[in-house]
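Below you'll find the structure, written out as structure tokens, and then a few comments.
No lab work stands behind these numbers, since they all come straight from the coordinates. Keep in mind that this is a model prediction, so the values were computed, not measured. Cβ placement follows ideal geometry from the backbone for every residue including glycine, while neighbour counts extend to all protein chains displayed.
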């Protein structure tokens, strides 16, 4: 009898121990689950913070890219403005310094003197209008860059406010701000700037041609009516006119070659794009079967 009671007591004690340790294991597992949930929450917070930091870094990179593009464009315009100003100085030099055709050229070379007067006026007007076009291009580029930087800073300020507001989520990667960031035009060089720049370049090249023709007319008249030999003015005029013509032909051929090369590259790009679309369609058809 006593042995049976002892046996039952031992079994009851073992059952109690099993229940007790099982209950402790469940409590420890529950606490571990809570710790895992907290760790997951911290990881999610760190992930969202990293996401916000990456978005802010992207905006900063876009701003730096826009600043680099602006500096490159501005340096290009500054260089063109310097050479145009020099050509305007040359035009003033023809007018102010008083270097004119000899008086004994009239009335025999009346038409040449009239042509000289016209080219002398163009030597002032061409670089003047070229300088105006370059200044308009620079002004429009500055205003475009200012508006671009304000837009980027506005997006960046919004992101920073959301970051320091303590929000848990950034509106699921914040597609609105991402779309705004991707839609930002990093280059403020639009068709207006391109039009003014090309017009300024064209007028500058025309001012170079006018200056060469003006020198040819002026010294040609001076040599013709100052020296008794016709070889002096003929050699000078033929050499200057021939060199100017060769320079214009070389520039035109180079422009045509660049235009043909760009059109050829565009054709190759379109062909490659069409071939890629065809390959993609063939792969889709093959995948269906």
Determine, yes or no, whether residue 234 is surrounded by fewer than 17 Cβ atoms within 10 Å (Cβ to Cβ) and assigned to a helix (DSSP H, G or I). yes
Among (1) buried (at least 19 other Cβ atoms within 10 Å of the Cβ); (2) more than 24 Å from residue 217 (Cβ to Cβ), there is one condition residue 130 misses while meeting the rest; what is its number? (2)
